[in-house]
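FYI, it's all coordinate maths here, none of it is from the lab. These numbers come from a predicted model, not from an experiment.
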Amino acid sequence: MRVYVPLTLSGLAAAHGAGEVGPGPLTAYAVTPGLREWYVSDDIEELEYAALNRAAAASLRMIAGTPDEARRRVVVAVDVPDGAAVADPDQGLSAASLGE
């Protein structure tokens, strides 16, 4: 399963230095059953693009919360075993999680 992890430039530098994105649990975005239901298309590339865009919006929210952070969105794509990623039912596809 491919997940998209929102970061900042400083977060990317830390991940590069550590050799990993970080200890779990992490916030990441992926093609979930909820996204499949919300998004009209069944095309996997379109669904992955939608998940990537949600991660990019989350990166912007992280930047907005840190005034000294460089103004560059960062999203890292990570392939993980299918059982390693768990959907957060409390997050769902709320307006906040969609960046609205």
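Relative to the longest principal axis of the chain, what angle (0 to 90°, nearest 10) does the C-alpha long axis of helix 44-64 take?
40 degrees
Amide H to amide H under 5 Å from VAL74: which residues, 5+ apart in sequence or cross-chain, H placed 1.01 Å off N in plane?
For VAL74, whose amide H was placed from the backbone, the distant partners under 5 Å are LEU7.
Quick one: Kirkwood hydrodynamic radius for the chain, alpha-carbon pairs, angstrom, one decimal?
14.1 Å
From Cα pairs below 8 angstrom and at least 6 apart in sequence, can you work out the relative contact order of the chain, rounded to a whole percent?
Averaging sequence separation for qualifying contacts and normalising by length gives 43 percent for the chain.
Taking every pair of alpha-carbon atoms in segment 45-90, what share in percent sits in each 5 Å bin, from 0 to the bin with the longest distance?
5, 18, 18, 25, 18, 11, 5, 1
Rounded to the nearest 10 degrees, what's the angle between the helix 9-18 long axis and the longest principal axis of the chain, both from Cα atoms, 0 to 90?
80 degrees
Note the full-extension length gain between ALA56 and GLU69 as 0.36 nm times their separation in residues minus their Cα-Cα distance, in nm to one decimal.
Gain on stretching ALA56 to GLU69: 3.2 nm.
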